[in-house]
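In what follows, a structure is listed as structure tokens, so that the remarks can point back to it.
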Amino acid sequence: MKKLGVNIDHIATLRQARKGHFPDPVFAAGICEIAGCDSIVCHLREDRRHIQDRDVFALKNTVRRLNLEMAISEEIVKIAMQVQPAQVTLVPEKREELTTEGGLDVSSHLKRVKEVIELFHEKGIIVSLFIEPDFQQIEASKEAGTDAIELHTGRYAEYFEKDQDWAWNEELQKIRKAAEFATSTGIKTHAGHGLDYRNIYPILNIKHIEEFNIGYSIICRAVFTGLHQAVRDMVEIIKTGQKPDFH
Ligand code: PXP
């Protein structure tokens with residue numbers, strides 16, 4: 001059965017708008033779990049623009065399964081080793097970007113990625129690498145010793161949004177082939193970035209993708225439907241492939 005990880009960074013974005021205590025991402029995580037998601041995802045960015053250090057520790061002590069998105073910088077790796085989430089997803093990070101743009105260039109940073117993976121494996125932490133649907137990056141990920149990859153679906157989502165059917169279909173095929181190739185090497189495949197309540201359906205048909213990590217569209221929808229309903233609807237789509245009766 002396919003799994004849904006809900007990224008709650010943007011609950012913290014809202015809190016940081018006033019630098020207060022509300023809304024609390026830990027409280028949000030509880031609602032997401034009750035609504036049926038399989039894991040809670042958060043990204044501790046080096047600039048701390050949304051999730052703060054205390055959130056990550058509090059989430060680890062509260063949720064059933066935490067997937068921490070993180071850069072491979074020394075500072076963040078040190079924190080992650082203290083937190084010991086069930087899973088880490090290694091991502092590239094640039095200070096000026098609005099969100100994670102592009103996948104991790106594993107081929108160019110092979111030595112460091114390998115080193116970080118070994119550290120996490122010593123603690124029994126599952127590692128996923130956020131990469132472009134590119135065979136060279138998958139081969140490098142295999143060489144680095146990862147458990148899983150998360151295929152970057154940002155470009156697919158962007159073409160879908162613009163109704164560029166030919167372009168999003170081509171991107172979808174790249175994602176399908178990458179998922180097949182990764183599976184053939186023994187790596188598990190996840191997908192995420194820019195996925196929403198419309199563009200999820202074609203990608204759901206790729207049988208090798210086991211986990212979807214979705215944040216922005218769920219939190220945006222929650223403004224109108226409430227968080228429980230927004231997560232519930234996405235859980236239903238991912239588990240059944242059917243369109244729920246939207247409220
Ligand atoms: N997966 C990864 C690795 C990400 O960096 C992000 C964004 O934080 C997501 C999934 C979720 O993307 P979105 O918020 O666009 O659903």
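The values are calculated or read from the model by the stated rules, or taken from the named source; none is laboratory data. Remember, predicted model here, so these are calculated numbers, not experimental data. Neighbour counts are summed over all protein chains in view; Cβ atoms, including those assigned to glycine, are modelled from backbone coordinates with ideal geometry. Note: accessible area is taken over every heavy atom of the protein model, side chains too, but ligands, DNA and RNA are not part of it. Shrake-Rupley method; radii C 1.70, N 1.55, O 1.52, S 1.80 Å.
Laid out as a table, the results:
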{"read-out": "Subset of segment 40-66 (residues that are hydrophobic (A, V, I, L, M, F, W, C) and either within 20 Å of Ala17 (Cα to Cα) or open to solvent by 60 Å² or more (accessible area, probe 1.4 Å) (or both))", "value": "Cys42, Leu44, Ile51, Val56, Phe57"}
{"read-out": "Selection within segment 20-55 - within 15 Å of the chain's Cα centre (by Cα) and closer than 23 Å to Glu93 by Cβ", "value": "Ala29, Ser39, Ile40, Val41, Cys42, His43, Leu44, Arg45, Ile51"}
{"read-out": "When residues of segment 1-22 are limited to those that are part of a helix (DSSP H, G or I) and in contact with a helix residue (DSSP H, G or I) (Cβ under 9 Å, 6 or more places away or on another chain), the one farthest from Leu195 (Cα to Cα)", "value": "Arg15"}
{"read-out": "One residue from Arg232, Arg176 being open to solvent by 50 Å² or more (accessible area, probe 1.4 Å), free of Cβ contacts under 8 Å to residues at least 40 places away in the same chain and not polar (S, T, N, Q)", "value": "Arg176"}
{"read-out": "Residues that are within 13 Å of the ligand (Cβ to nearest atom) and either crowded, with 16+ Cβ neighbours inside 10 Å or outside any loop (DSSP other than H, G, I, E, B) (or both), drawn from segment 77-101", "value": "Gln87, Val88, Thr89, Leu90, Val91, Pro92, Glu93, Thr100"}
{"read-out": "Residue count for segment 139-161, restricted to those that are away from the ligand (no atom under 16 Å from the Cβ) and either under 16 Å from Ser217 (Cβ atoms) or of a type outside the set (Asp, Glu) (or both)", "value": "4"}
{"read-out": "Residue list for segment 183-207, filter: more than 10 Å from the ligand (Cβ to nearest atom), of a type outside the set (Ser, Thr, Tyr) and closer than 17 Å to Ala230 by Cα", "value": "Arg198, Asn199, Ile200"}
{"read-out": "Verdict on Gly124 being closer than 23 Å to Leu104 by Cα, outside any helix (DSSP H, G or I) and open to solvent by 50 Å² or more (accessible area, probe 1.4 Å)", "value": "yes"}
{"read-out": "Any chance Ile117 is outside any helix (DSSP H, G or I), at pLDDT 95 or above, closer than 29 Å to Lys60 by Cα and open to solvent by less than 20 Å² (accessible area, probe 1.4 Å)", "value": "no"}
